[in-house]
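Reading through the structure tokens given below for one structure.
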Amino acid sequence: MAFKDWQREVKGLRESLDLSQTAFARALGVTQEFVSNWEHGKKEPSNERYIQMAKMTPLPDCWFFFEKAGLSRSDVYRLMPEIQATVLERVEKQQIPEIKVISASKLKCGGPHNPGKAAYFALPLLKDAAAAGPALLVDESEIERYIIVPASQARPGPDWMTCIHVQGDSMEPILKERYIVCVDSSVTEPRRLQQKMVVAYIDGGVTIKHLDRVGNQWVLTPENKAYRQQPLSDEARIIGRVAWWYGQQE
């Protein structure tokens with residue numbers, strides 16, 4: 001029998017809550033047999049149960065259950081405003097790294113063009129987001145400034161990381177125009193980036209969106225409900241995930 005995508009997620013949620021199948025079933029108002037069938041892929045949860053599980057799951061993992069229930073992010077924000085409030089609260093608590101912006105000519109610390117052990121690293125801030133990718137492949141002419149960050153904010157390593165400016169408002173209220181986003185290009189396979197915020201090259205430009213799975217198709221989902229999802233076509237490619245961002249909430 002083929003493995004069902006909900007099996008791992010349902011079992012993972014139950015185990016993260018440290019509940020037995022019986023206790024988990026009681027919390028959802030079903031019998032233990034239902035939970036066992038879900039975890040063994042014999043029967044899929046109903047939309048109502050998916051929504052219940054979504055409300056028991058922290059961000060961003062809750063989106064899997066909402067989407068299985070057929071609800072988009074816009075639907076969730078409209079029907080359950082408390083979820084959007086939680087998103088905004090999470091953004092306000094987002095750890096913003098200690099950073100310093102300097103000109104390329106003043107670079108004097110570790111980084112992709114100056115390797116070695118260092119407490120701080122210099123990550124290139126690009127003039128054009130289309131140049132985003134592994135730092136070692138970036139030409140000096142494409143660099144606007146350098147972002148100096150603690151080594152802890154340059155993992156998995158400065159060779160894989162570049163910074164770009166946010167353009168547009170499709171990811172508001174999380175990301176706003178001209179915020180600085182750090183792109184980690186060490187992983188680009190969609191299956192390893194599901195439900196994460198990614199940077200993608202699509203339709204001749206670069207966009208920042210959530211990467212989701214709808215049926216058999218990968219889609220790019222905006223945070224701003226005024227925008228629609230975009231299918232990740234064969235011509236599109238994932239540049240990397242958003243490792244962190246820098247900007248001040250108003």
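The values are calculated or read from the model by the stated rules, or taken from the named source; none is laboratory data. As the structure is a prediction and not an experimental result, all values here were calculated from the model. Every residue, glycine as well, gets a Cβ built from its backbone with ideal geometry; the counts of neighbours run over all protein chains shown.
Some points to look at:
- Residue in region 156-164 that is at pLDDT below 85, in contact with a Gly (Cβ under 7 Å, 6 or more places away or on another chain) and more than 19 Å from residue 74 (Cβ to Cβ) present: yes
- Any hit, region 195-209, residues being modelled with pLDDT of 90 or more, at negative phi and basic (Lys, Arg): yes
- Search result, residues across region 1-40 that are closer than 19 Å to residue 213 by Cα and over 26 Å from the mean Cα position of the chain (by Cα): 2
- Hits in region 168-183 - residues which are within 11 Å of residue 223 (Cβ to Cβ) and crowded, with 19+ Cβ neighbours inside 10 Å: 170, 171, 174, 175
- Among the residues making up region 199-210, those that are touching a residue at least 40 places away in the same chain (Cβ under 8 Å) and surrounded by 21 or more Cβ atoms within 10 Å (Cβ to Cβ) are 199, 208, 210.
- Members of region 212-229 found to be closer than 17 Å to residue 166 by Cβ and surrounded by fewer than 21 Cβ atoms within 10 Å (Cβ to Cβ), listed by number: 224, 226, 227
- Qualifying residue in region 67-89 (condition: at pLDDT 80 or above and among the charged types (D, E, K, R)): yes
- Any chance residue 9 is in contact (Cβ under 8 Å) with a residue 24 or more places away in the chain, charged (D, E, K, R), in contact with a helix residue (DSSP H, G or I) (Cβ under 7 Å, 6 or more places away or on another chain) and not in a helix (DSSP H, G or I): no
- Among the residues of region 211-250, those identified as assigned to a strand (DSSP E or B), touching a residue at least 40 places away in the same chain (Cβ under 8 Å) and closer than 18 Å to residue 168 by Cβ are 221, 239, 242, 245, 246.
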